[in-house]
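The values are calculated or read from the model by the stated rules, or taken from the named source; none is laboratory data. Fair warning: this is a prediction, and the values are worked out from it, not measured in the lab. Cβ placement follows ideal geometry from the backbone for every residue including glycine, while neighbour counts extend to all protein chains displayed. Only protein heavy atoms, including side chains, enter the accessible area calculation; ligands, DNA and RNA are left aside. Shrake-Rupley method; radii C 1.70, N 1.55, O 1.52, S 1.80 Å.
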Amino acid sequence: MPNLFARTLLAALDEDARVQRNLRTAELIEQAVRNGEGLLAADGPFVVATGKHTGRSAQDKYIVRDAETENSVWWGKTNVPMTPEHFANLRVDFIKALEGRDRLYVADLFGGSQAEHRVNVRVVTELAWHSLFVRTLLVRPSADELEGFAAEYTIIDLPSFRADPARHGCRSETIVAVNLSEKLILIGGTAYAGEMKKSVFGILNYLLPTRGVMPMHCSANIGPAGDTAVFFGLSGTGKTTLSADASRTLIGDDEHGWSDTAVFNFEGGCYAKMIRLSPDAEPEIYATTKRFGTILENVVIDPETRQIDLDDDSLAENSRGSYPIDFIPNASADNLGPVPANIIFLTADAYGVLPPIAKLTPDQAMYHFLSGYTARVAGTEIGVTEPSATFSTCFGAPFMPRHPSVYGNLLKERIAKGGVKCWLVNTGWTGGAYGMGQRMPIKVTRALLNAALSGGLDAITCRIDPIFGFAVPVAAPDVDDRILDPRSTWVDPAAYDATAEKLARQFVENFRQFEDAVDAAVIAAGPRVLSDA
Ligand SMILES: Nc1ncnc2c1ncn2[C@@H]1O[C@H](COP(=O)(O)OP(=O)(O)O)[C@@H](O)[C@H]1O
Ligand SMILES: C=C(OP(=O)(O)O)C(=O)O
Ligand SMILES: [Mn+2]
C-alpha cells in the first residue's frame, strides 16, 4: 500500500486540471513541440538535448535508510543511505515545485511485462518528452487495464528542481532519492531520461528475489531452436547492440527476470546508444532513427534541414535513442522466452588481454558474475591513456539494492539445474597485431556468438588459459584464428603477460569482499597471479 502521503498526492493529481494523463505518442510529441522541448527531425524522430546531464548521476543516488531497508539493503559505495528526515524535506520541496508548474504529465504504467511479477507505477513529469520516454520504455497498460489502474509506486521527475545539500543531505543540485517504504522516488536536477527506467529496475531488483525470480541487468533473445540467451553487461558492453540480431527473436535489451519457467522483459521498449551508429553493423537499430515515435537524446540536429548527425559527439558521447520494442522487426510479441540455454557475460576489456570468447565452468561463471568486470579507455585519446578497470557486481551494482549474494545464489541455483552454458565475451579493445585501441569488430563478436549459441563451438579444441583459467577455443567459424589468442598478437608477449597479471591482480583484490560469501571452489575459479604462485 502506498502511504498516506502518496495516496493524497495521487488523489490530488487525479483531480488536478493541469495534469495531462496518459497521453499517447502523437499528442505527447505535439505538446513537447509546443513546450519547446525539442525538434522534430526530417525523418520523424523527436530530438532533445538534456543539457548538463547526458548520463546517469550514480553519485547522486540515495536510498532512504529506515526499518524497511535497514537489513534488506546492502549499504556501501553504491547504495548510499539517506535519512528519513532529509527525504521528508525533499518531499515537501518537490510538492512545492509541483504546485508551481502549470502543466504536468502523468503516465500510469507497468514495471514488468508479466502480470504476476509486475508493479504498477505512476510517473509524474514536468516534460512531455519524459512522459513519452517512460511510456516507451515501460509496459503500457491496455485501455481496460488503465480503467481500474491503482498506482503502487510513484516516480516524480523534475529536471528544473535544484536539490539543496543542507536541506536534503545530498552532494549536489542533482538527486535521485528512493524511498522503498513510501514507494516514492524523487528525481531532480537532471534531464537524462534513463534515470526513470533504471529507477523502476531498482524497485524490481528489490522485490523479485523474495518471490523467487532472479532480476538481471541483461538483454535477451531467442534462437531458431527456441534457445534463449541472456547477455549480462555493464553500460557500453553491447547488451543492446548484440541482442538486436536478424537471426534471433528479441525479448529485450536491458532488464529481465528469470522465473522457474521463463525469461521475461521488465520493459516495453529499448534504449540504444546512437553515437556513430553503423547502418551496416546495427541495421535494426539504425532503422529506428527514421521513425516517428523514436526519441533521440543528445543527437545533433540541423535546425534548418532537420537532418540528424549520429557521428557528432558535441552534445554527448552517450547519445541515445528510445523506441518501442516492436520497432525491432523480430521482437517477441509476448515479451518472454524459455529459460536460458546460454548465459553470456559481456565485458569491454580495455587492456587488450581477454580473449573475444571463453567458455566458463559453473564456478567460473559465479566468479565472473560477482566480479562484474569491464574496463573502458579513460580518455578520448584511445590507446594513449591508461585504461581503468571497473568491477560492478552482478554486472549492475548501481541497480541492485540487495547483497550480491542474493542475486548470486539465484544464479547458482539456476546453473546447478544444468542445461545452461556460460561464456565470457570481450567486446572491448584488442591489442598487438590488431592495433592497440581498436574496438573488437562487431562482426567478429556476432560471428563468435552465433557459433557459441548454435553449438558450433562445442566440438572445437580449447586451450586452458594459464592466467584466467577458462577454456578458449583455438578456432571458430568465420573468424581469423589469431584474434582468439590475444597474447599471440601482442608484439611483445612479455608486455602481454605483465598487463594480464595486472588485471588478474585487480580481479583478486576486488574479489576479497566476496570470500566469505562463496564456496572455496568459486574463489579458486578466479584468475591467478602467476608471479605470486
Ligand atoms: N564488438 C562489439 N560488440 C558490441 N558493441 C560494440 C562492439 N564494438 C563496438 N561496439 C559499440 O559499443 C556500444 C555498445 O553499446 P550498447 O549495445 O548500448 O551497450 P549496453 O546496452 O550494454 O549498454 C555501441 O555503441 C556499439 O556500436
Ligand atoms: C540506460 C542505461 O543502460 P545501458 O547503458 O546499460 O544501456 C544507463 O546505464 O543509464
Ligand atoms: Mn543498453
Exactly one of 444, 479 is of a type outside the set (Phe, Trp, Tyr) and not in a helix (DSSP H, G or I), and that one is 479
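Return the residues of segment 263-276 that are of a type in the set (A, V, I, L, M) and either within 11 Å of ligand 3 (Cβ to nearest atom) or open to solvent by 10 Å² or more (accessible area, probe 1.4 Å) (or both); say none if nothing qualifies. Walk me through how you get there before you give the answer.
Within segment 263-276, the subset of a type in the set (A, V, I, L, M) is 263, 272, 274-275.
Residues satisfying the conditions are 272, 275.
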For segment 152-249, please list each of the helices (runs of 4 or more DSSP H) lying entirely inside it that holds at least 2 residues being within 16 Å of ligand 2 (Cβ to nearest atom) and under 15 Å from the mean Cα position of the chain (by Cα).
194-207, 239-243
Please count how many residues of segment 219-236 are buried (at least 24 other Cβ atoms within 10 Å of the Cβ) and near ligand 1 (Cβ under 6 Å from one of its atoms).
1
Segment 391-406, residues that are more than 16 Å from ligand 3 (Cβ to nearest atom), closer than 16 Å to residue 374 by Cβ and either at pLDDT below 95 or among the polar types (S, T, N, Q) (or both)
393
Can you confirm whether segment 261-273 contains a residue that is within 23 Å of residue 371 (Cβ to Cβ) and in a strand (DSSP E or B)?
yes
Those strands (runs of 3 or more DSSP E) completely within segment 33-119 that have 3 or more residues that are over 30 Å from residue 332 (Cβ atoms) are 61-64
Got a number for residues in segment 292-325 being out of contact with any Leu (no Cβ under 8 Å at 6 or more places or on another chain) and surrounded by fewer than 15 Cβ atoms within 10 Å (Cβ to Cβ)?
9
I'd like the residue in segment 357-378 that is of a type in the set (Phe, Trp, Tyr) and not in a strand (DSSP E or B) and, out of all such residues, is surrounded by the most Cβ atoms within 10 Å (Cβ to Cβ).
367
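Among the residues of segment 120-138, is there at least one that is farther than 27 Å from residue 31 by Cα, assigned to a helix (DSSP H, G or I) and in contact (Cβ under 8 Å) with a residue 24 or more places away in the chain?
Quick first cut of segment 120-138, residues farther than 27 Å from residue 31 by Cα only: none.
No.
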Within the bounds of segment 286-304, is there any residue that is over 30 Å from residue 525 (Cβ atoms) and within 12 Å of ligand 1 (Cβ to nearest atom)?
yes
Inside segment 250-260, can you point out the residues that are part of a loop (DSSP other than H, G, I, E, B) and within 14 Å of ligand 2 (Cβ to nearest atom)?
253, 254
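Residue by residue, here is whether (1) crowded, with 24+ Cβ neighbours inside 10 Å; (2) in contact with a Phe, Trp or Tyr (Cβ under 6 Å, 6 or more places away or on another chain) holds:
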site	(1), (2)
127	yes, no
134	yes, no
139	no, yes
143	no, no
149	no, no
159	no, no
162	no, no
172	no, no
175	yes, no
Cβ pairs under 6 Å, 6+ apart or interchain, first in segment 267-282 and of a type in the set (A, V, I, L, M), second open to solvent by less than 10 Å² (accessible area, probe 1.4 Å), ordered by first then second residue, are 272/285; 272/321; 274/299; 274/319; 274/321; 275/319
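Just give me the residues in segment 292-320 being of a type in the set (Gly, Ala, Ser) and within 18 Å of residue 33 (Cβ to Cβ), in sequence order. I'd like the intermediate steps shown before the answer.
Restricting attention to segment 292-320, the residues satisfying the condition of being of a type in the set (Gly, Ala, Ser) are 293, 314, 316, 319.
293 - this is the single residue of segment 292-320 that is of a type in the set (Gly, Ala, Ser) and within 18 Å of residue 33 (Cβ to Cβ).
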